[in-house]
Amino acid sequence: MIEQKRMSTTSLEALFQRYKTAGWWILAPRAEGDITTFGEVDSPGDVAAGLIQTTLSPKSAVLPIWEELFRFRRGESGIEVVEAAESSVPTIIFGLRPCDARAFAALDAVFTWDSQDEPYLARRNKVAFVSIACNQADDYCFCTSTGGGPGDTAGSDLLLTGVGDEYLVEVVTERGVELAGIAGELFGPAEGMDKAAHLASVPVRFDLDRLRQVLPKTFDREELWIDQSLRCLGCGACAYVCPTCVCFDIQDEATRHGGARVRCWDSCGFSLFTLHTSGHNPREVQSHRWRQRVMHKFAYMPERLQVLGCVGCGRCSRACPVDMNLAEHLAVIAESGE
Amino acid sequence: MTGLQDAARDLLQSGEAAVVIGFGGGSAGGARPLMVRDPTSVGDLIFDDRCVHNLAVYLLKPEVKSLGKPAIVGTQAVLRSILQLASEQQVKDRDVIALIPEADGGVRRLETLGEIEGAVSKPDAVLSPEEQNCLDEIASLSREERWRFWQEEFSRCLKCYACRAACPMCYCSQCIVEVNQPQWIPVPAHPLGNMGWHLVRAMHLAGRCVNCGECARACPVDIPLNLLNQVIEKEVAEQFGGKAGLSATASYALSTFTTDDKDTFIR
């Protein structure tokens with residue numbers, strides 16, 4: 001049972017101060033020129049207003065674009081390894097959208113699947129989510145096609161829905177109870193607040209069940225994948241703005257004396273992504289790489305990890321230099337028959 | 001429009017072209033690159049103000065090359081790119097047919113590099129007033145301030161390489177960022193890795209950039225890469241003359257040495 005409360009929008013300032021006093025670091029959407037990213041904020045006035053969606057996802061709070069896993073050096077008694085110091089602080093991600101909050105389940109599934117990824121979990125366990133429901137959407141949004149919605153509570157600790165000059169506050173998790181408790185006097189009873197009337201309308205773009213039925217049978221339909229991917233340039237923009245893409249590359253940055261092992265984001269769209277040392281590349285053409293991207297998110301992840309690898313935030317399609325519109329392509333696949 | 005569609009149909013039906021690289025309608029009322037291989041699909045081709053991509057990038061993509069001879073809807077940026085690619089021996093005479101939509105709805109068909117040379121015009125105002133202001137502002141900064149400006153801009157870089165992928169002149173089959181023995185450019189998107197990549201990208205395009213602006217348009221985090229190229233092109237033109245993309249036979253600054261080259265740029 002999700003408890004509901006109300007809070008005046010003017011109380012945000014006090015809420016932020018309360019969280020900061022309690023030792024939380026607050027990340028929220030911030031404008032950087034024409035783009036928006038999640039960055040540290042001091043007060044609600046720093047938060048970018050009127051956004052449908054940020055340019056970059058909040059993923060980097062738990063999976064930075066690059067990180068040192070450990071350092072190594074030549075010591076007197078051989079190679080010495082120094083683990084990276086764990087430096088994350090308790091962080092509230094504020095003002096993320098319900099689709100983004102949902103995305104962390106996909107990241108968790110990957111990083112806890114066969115082993116517990118310590119650097120990831122160290123950050124992940126210190127993150128809380130205070131999301132804001134969507135009262136507007138654009139042509140790229142398709143959360144309702146991937147099991148979410150503009151007022152979806154899954155993944156959020158607190159979900160705020162703007163209702164006039166107030167927020168309807170939904171306390172979703174135990175951590176949400178804690179976050180509400182820190183500022184209990186800012187909240188009142190939520191009677192008479194109509195959430196549904198204040199949510200964006202996001203049309204369903206494809207039938208997810210149908211897609212999941214059809215997709216595994218399309219592997220050998222070369223023409224379908226070529227047709228969809230001919231204009232794809234093979235860059236990594238879609239993967240790097242995606243809140244659920246987790247693929248990474250391991251690099252050693254070293255001199256002969258020592259160095260660091262580094263984890264960096266990677267993308268299945270790159271031609272080198274699966275290139276073997278032998279020279280063989282199992283995904284030699286862009287159509288196979290595009291197929292992998294779609295299959296990974298909509299076939300392999302649900303099959304193996306019981307979670308969809310997409311939350312319908314639409315960032316990939318907004319960022320694509322050549323307008324590879326994912327929802328449109330998925331609709332074509334779903335309707336293409338078996 | 002119908003002129004373009006008719007020309008595309010004729011080319012595909014006669015087998016003179018295996019694919020027409022053009023524009024189709026895209027998301028949110030925009031346009032997108034479109035490859036038409038089937039003559040019955042030429043109705044999807046459009047051409048208007050929304051059609052901004054430099055389609056020449058597709059001419060060297062192996063997936064597109066493997067289809068057979070292309071025809072391409074030729075904006076000025078596309079024509080300049082073809083000529084520059086030709087001068088770098090990447091496109092040969094009669095490798096590609098350019099279709100130039102005319103104001104009256106008709107289409108001019110260019111079969112040879114010579115015809116393309118005749119149709120290309122020197123780019124003048126390639127920057128928007130906003131971009132020009134930004135460039136003027138950068139130019140007024142001190143050397144240290146300029147360095148900080150670009151450090152700041154590059155700090156947003158994700159290393160997604162959309163700038164590289166969208167650039168017709170970035171066709172190296174093995175880009176230097178992918179050479180790892182030795183590792184010239186650090187892979188991570190940290191300050192050194194980003195600065196390394198962007199310096200190499202800008203310098204490798206010196207004298208070759210046709211100033212289509214595609215790198216900046218493709219960038220998901222709005223780094224104004226075209227401004228950097230614009231300045232370099234101006235510098236190269238002043239030092240060595242010439243302008244990329246106006247001739248199919250000209251050699252470009254980075255590949256040429258003459259004894260009367262100026263060396264005033266060495267400071």
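No lab work stands behind these numbers, since they all come straight from the coordinates. All values reported here derive from a predicted model rather than from experimental measurement. Cβ sites come from the backbone with ideal geometry, for glycine too, and all protein chains shown count toward neighbours.
General observations
- Distance between the pseudo-spin-label points of residue B:103 and residue A:196 (7 Å out from Cα toward the beta carbon): 5.7 nm.
- Under a model in which nothing but the beta-carbon of Lys, Arg (+1) and Asp, Glu (-1) is charged, the protein assembly as shown shows a dipole of about 1020 debye around its Cα centre.
- 3J(HN,Hα) along the stretch A:279-288: x, 6, 10, x, 10, 7, 10, 4, 5, 6 Hz, from the Karplus curve 6.51 cos²θ - 1.76 cosθ + 1.60 with θ = phi - 60°, whole Hz, x for Gly and Pro.
- As a proxy for reagent exposure, B:203, A:1, A:7, A:193 were ordered by neighbouring Cβ count within 10 angstrom, fewest first; the result is A:1, B:203, A:193, A:7.
- Counted by Cβ distance under 14 Å from residue B:137, the other residues give a net charge of -4, where Lys and Arg count +1 and Asp and Glu count -1.
- Taking chain A and dividing mean pair separation by its residue count, relative contact order in percent (alpha carbons under 8 Å, at least six apart): 22
- Positive-pole candidate from A:57, A:8, A:156, dipole of the stretch A:3-334, charges at beta carbon: A:57
- Farthest towards the positive end of the charge dipole of chain A, among the residues A:286, A:173, A:196, is the Cα of A:286, using unit charges on the Cβ of Lys, Arg, Asp and Glu.
- Each residue of the stretch A:175-187 was assigned a 3J(HN,Hα) from its phi angle through the Karplus curve 6.51 cos²θ - 1.76 cosθ + 1.60 (θ = phi - 60°); the sequence is 5, x, 4, 4, 5, 6, x, 4, 10, x, 6, 7, 9 Hz, with glycine and proline shown as x.
- With the charge dipole of the stretch B:2-119 set up from +1 on Lys and Arg Cβ and -1 on Asp and Glu Cβ about the Cα centre, the Cα lying farthest toward the positive end among the listed residues B:116, B:25, B:3 is that of B:25.
- Computed over chain A with a Gaussian network model linking Cα atoms closer than 10 Å, the most mobile of A:166, A:223, A:68 is A:223.
- For residue B:231 and residue B:95, the difference between the fully extended length at 0.36 nm per residue and the C-alpha to C-alpha distance is 45.8 nm.
- Global geometry of chain B, whether rounded, prolate or oblate, following the gyration tensor of its Cα atoms and the 1.5 cut on a/c: prolate
- Close amide H contacts of residue A:92 (hydrogens built in the peptide plane, cut-off under 5 Å, sequence separation of 5 or more or a different chain): A:25, A:26, A:27, A:128.
- Residue A:219 versus residue B:112: modelled label distance in nm, points set 7 Å from Cα along the beta carbon direction: 5.2
- Under 5 Å, built H, 5+ apart or other chain: amide partners of residue A:139: none
- In the elastic network of chain A, a GNM with C-alpha springs shorter than 10 Å, the most mobile of A:233, A:159, A:211 is A:233.
- Taking every Cα-Cα distance in the stretch B:7-58 and sorting them into 5 Å bins starting at zero, the pair-distance distribution P(r) comes out as 5, 23, 29, 22, 15, 5, 1 percent.
- Förster radius 41 Å - calculated FRET efficiency between residue A:113 and residue A:43, Cβ distance, rounded to 0.05: 0.60
- Pairs spanning more than 26 Å between alpha-carbon atoms, out of B:61/B:92; B:69/B:159; B:61/B:159: B:69/B:159.
- The P(r) of the stretch A:4-161 has a tail past 26 Å containing 34 percent of all C-alpha pairs.
- The fewest-to-most ranking of B:112, A:36 by surrounding Cβ atoms within 10 Å reads B:112, A:36.
- Among B:56, B:77, B:139, residue whose mean-square fluctuation peaks in a GNM of chain B (springs only between Cα atoms under 10 Å): B:139
- Contact order normalised by residue count of the stretch B:2-119, Cα under 8 Å, 6+ apart, percent: 25
- Note on chain B: helix-only mean residue ellipticity at 222 nm, from DSSP H runs of 4+ residues weighted -39500 (n - 2.57) and normalised by residue number, equals -11000 deg cm²/dmol.
- Relative contact order %, chain B, counting alpha carbon pairs below 8 Å whose residues are six or more apart: 18
- Each residue of the stretch B:154-159 is assigned a 3J(HN,Hα), and the resulting list reads 5, 5, 7, 4, 9, 6 Hz, derived from the Karplus form 6.51 cos²θ - 1.76 cosθ + 1.60 (θ = phi - 60°), x at Gly and Pro.
- B:201, A:74 arranged by Cβ crowding within 10 Å, fewest neighbours leading: A:74, B:201
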